[in-house]
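Working notes for the structure below.
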Amino acid sequence: MSQNISYLKKLNNESVVQRVINCLTDAMINKELRPGDKIPTELELSETLGVGRNSIREAIKILVYLGVLEIRRAEGTFVCEGFTESMIDPMIYGIILDKADSYDNLMELREMMEAGVVRLAMAKYTEEDMQNLEEKLSVMKAEIEKGPDNTQATFEADNEFHDAVSRMGHNPLIDKINRVVQMLTWSIRLETVTYMVESGRGQELYKAHETICQMLKDRDMSNLNQNIRDTYFENEIKKDRVSFI
């Protein structure tokens, strides 16, 4: 028996594959297609939308690649029931390939994301979450105290601290997007940690993160963005570069 597919309308010739994609995703956004729903067959989509089956097949391939649809052999094609890692991949590539002045844009994105993550963590963290964060902070301190040659382990401890903050928001979608930002800023953050540790300023790095931890513990949002920027040490690194030149 044919499904109720009233949300499907005939398409014009403009970018047929993209319009098939738009039609299906609009139906998902409007809740006409829900997670777990089976979508119409290629033949039904082709007849209803008035486009060739090759265009339907290509649109479905793209949505499967993006993690929006999944093909179950002998059953059909279904709307995915959860967030998948593959949804993030095209976002990463798009940002990497952007021709714009990426450093400043990336730092703005980083600050906005980290501030949002901290706000969410502040509203939703549990006592267990806070204990875990304090443990991560203690590990970071111990790695810093091992001296200027211990940059890699300190960087890993720094990542663990920020991952813990991200998980405190108890929102897997935001956590995954935040990890994308962390991936994109990997080299910037590594440079910061390396500079601070090798120049003997590891305690300043630790104190900046201790401030974030205390701010979360007190649920104190005053000076939130400034406290986050203080963990970047951008001005110190720039000054050092100028003096070196």
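The values are calculated or read from the model by the stated rules, or taken from the named source; none is laboratory data. Keep in mind that this is a model prediction, so the values were computed, not measured. Neighbour counts are summed over all protein chains in view; Cβ atoms, including those assigned to glycine, are modelled from backbone coordinates with ideal geometry. Keep in mind that these areas ignore ligands, DNA and RNA; they rest on the heavy atoms of the full protein, side chains included. Shrake-Rupley method; radii C 1.70, N 1.55, O 1.52, S 1.80 Å.
Using only the Cα atoms of region 175-229, build the gyration tensor, take square roots of its eigenvalues as a ≥ b ≥ c, and label the shape rounded, prolate or oblate: rounded if a/c is under 1.5, else prolate if a/b is larger than b/c, else oblate. Cα axes put region 175-229 in the oblate bin. Structure note, pairs Lys146/Lys176; Lys31/Lys61; Lys124/Lys217; Lys141/Lys217; Lys124/Lys146; Lys38/Lys124: Cα-Cα distances above 23 angstrom occur for Lys146/Lys176; Lys124/Lys146; Lys38/Lys124. With a cut-off of 16 Å on the backbone N, the residues of region 153-186 near the modelled label site 7 Å out from Glu135 along Cα-Cβ are 157-158, 160-168. Computed over protein heavy atoms with a 1.4 Å probe, the accessible surface of region 115-156 works out to 53 Å² per residue. Can you classify region 123-199 as rounded, prolate or oblate using the Cα gyration tensor, where a ≥ b ≥ c are the square roots of its eigenvalues, rounded means a/c under 1.5, and otherwise it's prolate if a/b beats b/c and oblate if not? Judged from the Cα gyration tensor, region 123-199 comes out oblate (a/c at least 1.5, b/c at or above a/b). Among residues other than Gly116 whose Cβ falls under 13 Å from its Cβ, what is the net charge (Lys/Arg +1, Asp/Glu -1)? Computed value for this residue: -1. Modelled label positions at Gln18 and Asn171, each set 7 Å beyond Cα in the direction of Cβ, lie 3.0 nm from each other.
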